[in-house]
Amino acid sequence: MNTPWYQEAVTDENEILSSRVRLARNIKKYPFRRKLSTTNANDLVAEATDAVTSASGFFRPLDIGGLGKTEQTVFLEKHIISPEFLNGNLPKGLLISDNQNISVMINEEDHVRIQSVKAGDCLENAFETASQIDDLIEERVEFAFHTDYGYLTACPTNTGTGLRASYMIHLPCLSKSDMPTNVLPQITKFGVAIRGIYGEGTAPMGSIYQISNQNTLGKSEHDIILGLQNVTQTVIAREQHARQKLLTSSKPYMEDLVHRAYGVLTNARLISAKEAMDLLSDIRLGYITGILDKPRPSKHIYQIMMEIQPGHLQRNAGTEMTEQERDITRAKYLREIFEQ
Amino acid sequence: MCNKCQKNPASVHMQQFLNGQKVELHLCQECAFKIDNPEMLVSLENIFKGILDQINTNFYGHSAAPGAPPPMRPPAKACSRCGMTFNKFKTGGRLGCDICYQSFSKEVELLLKNVQGSTRHEGKYPRRMGAGILTQRQVTELRAQLKKSIEDENFEEAARLRDCIKELEAQEKDLGGSTPNPPQGDER
């Protein structure tokens, strides 16, 4: 399948939008980034790029430094690169697959960071892909590895498997009820971290959260993934319970919420990213529950959420915009996509 | 005031829950934009500070009571490969190279125990290490069992385990004695 994950229908179907895996590795013969000279960094980028491209034919190197700020922001909004990756002046490299679902950052916090994303609940599969790329690269370079500690990373919070597995989940009903007070403090006791994927803390934009493993050492990759799946399933059960409760006890409120969201999104002339994300969240809930009987827009809701972010808006318009210009463009884009 | 740069006024307010604890972070726009990884959200200084202070006390005797034994080692130790000092690691939260894990072995061990809850890798390993690493893991496991058998005075079991260990070690030698991590010296 050669479509980007966010264009797959499964992202519109239930709570889990995507599964993501990141593996952190360092090449033994170079010091970590903190102690890397520019010459060393140049050699590292060349060697790692060569290892990745010869390991697998489908990676394309991309000169991230040569891109404009808007284009860099687009990559951040797609979560292909991290803000950390853009920091500092040392040489760096980015390799991505055609559909952008697999990417390798070279010289981020660690020398090599392999990322694999799949639509829906597909964490093992995402790990398998990343692990295969890892094996192929490892045939060409020697990674820093310790018998007791496993893969050695710049930060001890990544040592061992170097694995950060995460789900992107949509929790509209929990966000409206006991998410901040009850659910968050409880589930983080089980070795997972949860945060908003856009925006702040307990009330993230669009009720989209990322839930990920905290520890990387002492468990196999399989067990880390299993642990995360179990906690995530518990959270999803709580979301479904909250939804059912709202549907039985407050149906008129839910109907009003969803239709009001549709009304505003299809009529607004000026809309901020936060307001639009929250309304899109209500609309997604409306489609899933069957409350909203309007035709679906031509793109999936998460893709729309991504395309109304500042970087995407400006890239698509081909020009830089002020905040107000963005709000106007965003409102117009949303009207058009829902009226098509 | 921004918690990170301590310069600009804070305009983004974040909350994160870690191990059931709520941690709040107040940042300026610029610093907020730079934070992406969950592990970065709660600044490393926050995670490490308590643990590293404990290490300072244990190993360097910085806050030892009067009459306590002298510090175990000089605090100015630097990594033999990259020159990273423990104090620099403490403030920056990042190690300088793979050898730092050996140069600061005691500190790293305690840190991993606290942050990760374990000091033993159970996951995948580089293929080039071959079967040697599996044998080594088995031997480590059997040694722990052997120790327990001796403590329990179960000498029959202890003798059986000792034979198993001997056999595995002989096998490893036959394979070419591939020690996955020979003692690593200064590479440059």
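Details
- Enumeration of residues in the range A:166-194 that are in contact with a Phe, Trp or Tyr (Cβ under 7 Å, 6 or more places away or on another chain), under 29 Å from B:Lys124 (Cα atoms) and surrounded by 24 or more Cβ atoms within 10 Å (Cβ to Cβ): A:Ile194
- Checking each residue in the range A:77-136 for being over 20 Å from A:Thr53 (Cα atoms), away from chain B (no Cβ under 14 Å) and not aliphatic (A, V, I, L, M) picks out A:Asn89, A:Lys118, A:Gly120, A:Asp121, A:Cys122, A:Asn125.
- Condition broken by A:Val235, with the remaining ones in (1) surrounded by 21 or more Cβ atoms within 10 Å (Cβ to Cβ); (2) modelled with pLDDT of 95 or more satisfied: (2)
- Verdict on A:Ala268 being on the phi < 0 side of the Ramachandran plot and either in a helix (DSSP H, G or I) or touching a strand residue (DSSP E or B) at 6+ places or on another chain (Cβ under 7 Å) (or both): no
- Pairs meeting the criteria (first residue in the range B:79-103 and more than 8 Å from chain A (Cβ to nearest Cβ), second residue surrounded by fewer than 20 Cβ atoms within 10 Å (Cβ to Cβ) and outside any loop (DSSP other than H, G, I, E, B), beta carbons under 7 Å, at least 6 apart or on different chains) are B:Thr85/B:Ala78.
- When the range A:188-225 is filtered for residues that are closer than 22 Å to A:Lys78 by Cα, assigned to a helix (DSSP H, G or I) and within 13 Å of another protein chain (Cβ to nearest Cβ), only A:Met205 remains.
- Checking every residue in the range A:308-327 against the condition of being closer than 26 Å to A:Ser177 by Cβ, within 25 Å of the chain's Cα centre (by Cα) and in a helix (DSSP H, G or I) gives zero matches.
- Residue within the range B:56-66 that is of a type outside the set (S, T, N, Q), under 24 Å from A:Glu109 (Cβ atoms) and either exposed (fewer than 14 other Cβ atoms within 10 Å of the Cβ) or modelled with pLDDT under 60 (or both) present: no
- Selection over the range A:267-292 of residues that are closer than 22 Å to A:Glu13 by Cα and either surrounded by 17 or more Cβ atoms within 10 Å (Cβ to Cβ) or at pLDDT below 95 (or both) gives a count of 16.
- Condition met for B:Val115 (facing another protein chain (nearest Cβ under 7 Å), assigned to a helix (DSSP H, G or I), more than 25 Å from A:Val141 (Cβ to Cβ) and β-branched (Val, Ile, Thr)): yes
- Long-range neighbours under 7 Å by Cβ, at least six apart or interchain, first residue among the β-branched types (Val, Ile, Thr) within the range A:59-70, second in a loop (DSSP other than H, G, I, E, B): A:Ile64/A:Ile81; A:Ile64/A:Lys92; A:Thr70/A:Glu320
Here is a yes/no grid of residues against (1) part of a strand (DSSP E or B); (2) out of contact with any strand residue (DSSP E or B) (no Cβ under 7 Å at 6 or more places or on another chain); (3) modelled with pLDDT of 95 or more; (4) of a type in the set (Asp, Glu):
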{"site": "A:Ser116", "(1), (2), (3), (4)": "yes, no, yes, no"}
{"site": "A:Thr129", "(1), (2), (3), (4)": "no, no, yes, no"}
{"site": "A:Thr153", "(1), (2), (3), (4)": "no, no, yes, no"}
{"site": "A:Ser166", "(1), (2), (3), (4)": "yes, no, yes, no"}
{"site": "A:Thr181", "(1), (2), (3), (4)": "no, yes, no, no"}
{"site": "A:Gln186", "(1), (2), (3), (4)": "no, yes, no, no"}
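- Number of positions in the range B:77-104 that are outside any loop (DSSP other than H, G, I, E, B) and within 20 Å of A:Phe143 (Cβ to Cβ): 4
- Against the test of being loosely packed, with under 13 Cβ neighbours inside 10 Å, at pLDDT below 85 and in a helix (DSSP H, G or I), the options B:Lys166, B:Lys173 yield a single qualifying residue, B:Lys173.
- Near pairs, Cβ below 8 angstrom, 6+ apart or cross-chain, from the range A:150-168 (free of Cβ contacts under 8 Å to residues at least 12 places away in the same chain and facing chain B (nearest Cβ under 8 Å)) to any residue that is part of a loop (DSSP other than H, G, I, E, B) and crowded, with 24+ Cβ neighbours inside 10 Å: A:Pro156/B:Leu95
- Scoring A:Thr147 on the criteria (1) buried (at least 21 other Cβ atoms within 10 Å of the Cβ); (2) within 29 Å of B:Pro126 (Cα to Cα); (3) at pLDDT below 95; (4) of a type outside the set (A, V, I, L, M, F, W, C) leaves a single failure, condition (1).
- Selection over the range A:1-50 of residues that are among the polar types (S, T, N, Q), under 28 Å from A:Ile224 (Cα atoms) and touching a Phe, Trp or Tyr at 6+ places or on another chain (Cβ under 9 Å) gives a count of 4.
- A:Arg22 vs. criteria within 11 Å of chain B (Cβ to nearest Cβ), surrounded by 16 or more Cβ atoms within 10 Å (Cβ to Cβ) and assigned to a strand (DSSP E or B): yes
- The residues of the range A:226-255 that are within 15 Å of A:Ile169 (Cβ to Cβ) and either touching a strand residue (DSSP E or B) at 6+ places or on another chain (Cβ under 9 Å) or within 14 Å of another protein chain (Cβ to nearest Cβ) (or both), listed by number, are A:Leu228, A:Gln229, A:Val231, A:Thr232, A:Val235, A:Ile236, A:Glu239.
- A:Tyr302 passes every criterion in (1) in contact with a strand residue (DSSP E or B) (Cβ under 6 Å, 6 or more places away or on another chain); (2) on the phi > 0 side of the Ramachandran plot apart from (2).
The values are calculated or read from the model by the stated rules, or taken from the named source; none is laboratory data. Please read all numbers here as calculations on a predicted model, not as lab measurements. Note that each Cβ is placed from the backbone with ideal geometry, even for glycine, and that neighbours are counted across all protein chains shown.
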